[in-house]
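The values are calculated or read from the model by the stated rules, or taken from the named source; none is laboratory data. Since the structure is predicted, the reported quantities are computational estimates derived from the model, not experimental observations. With ideal geometry, Cβ positions are generated from the backbone for all residues, glycine too; neighbour counts draw on all protein chains shown.
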Amino acid sequence: MHLISLHGKITFVKIEEVNLLANTRSAKKRIKITRKRTALNKSRKSEIKTYIKNFDLALENGNIDEAKELFKIIDKKLKRAAHKNVIHKNNASRKLSRLAKKLNNKLNEAV
């Protein structure tokens with residue numbers, strides 16, 4: 001469901017009905033491309049969130065080596081997402097910084 005403003009009234013419209021609003025071939029194509037992009041972006045965000053959850057679990061369980069490996073993967077995924085404009089580059093940097101801080105705190109506790 002999407003919110004669409006028609007004639008000053010905001011209404012909920014099913015995704016299939018959005019095609020009816022597009023008159024030109026190029027507009028229909030843009031809708032199709034946007035749907036594919038949105039699905040891909042959601043997939044990338046979801047994958048990153050899953051890795052972060054696994055990272056947190058590894059730290060809680062004391063698996064520092066596993067956490068280090070996951071941190072490398074998360075670093076790559078976040079930078080790639082920022083480069084592709086899935087997330088803002090500052091958002092990616094902030095998340096990496098917080099994860100690095102957690103990892104370093106855990107390493108200092110172990111010593």
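Can you confirm whether L57 is surrounded by 14 or more Cβ atoms within 10 Å (Cβ to Cβ) and either in a helix (DSSP H, G or I) or of a type outside the set (D, E) (or both)?
Considered against the rule, which asks whether it is surrounded by 14 or more Cβ atoms within 10 Å (Cβ to Cβ) and either in a helix (DSSP H, G or I) or of a type outside the set (D, E) (or both), L57 comes out as no.
Only residues that are modelled with pLDDT under 90 and touching a helix residue (DSSP H, G or I) at 6+ places or on another chain (Cβ under 8 Å): list them for segment 22-56, please.
Passing the criteria: only A22.
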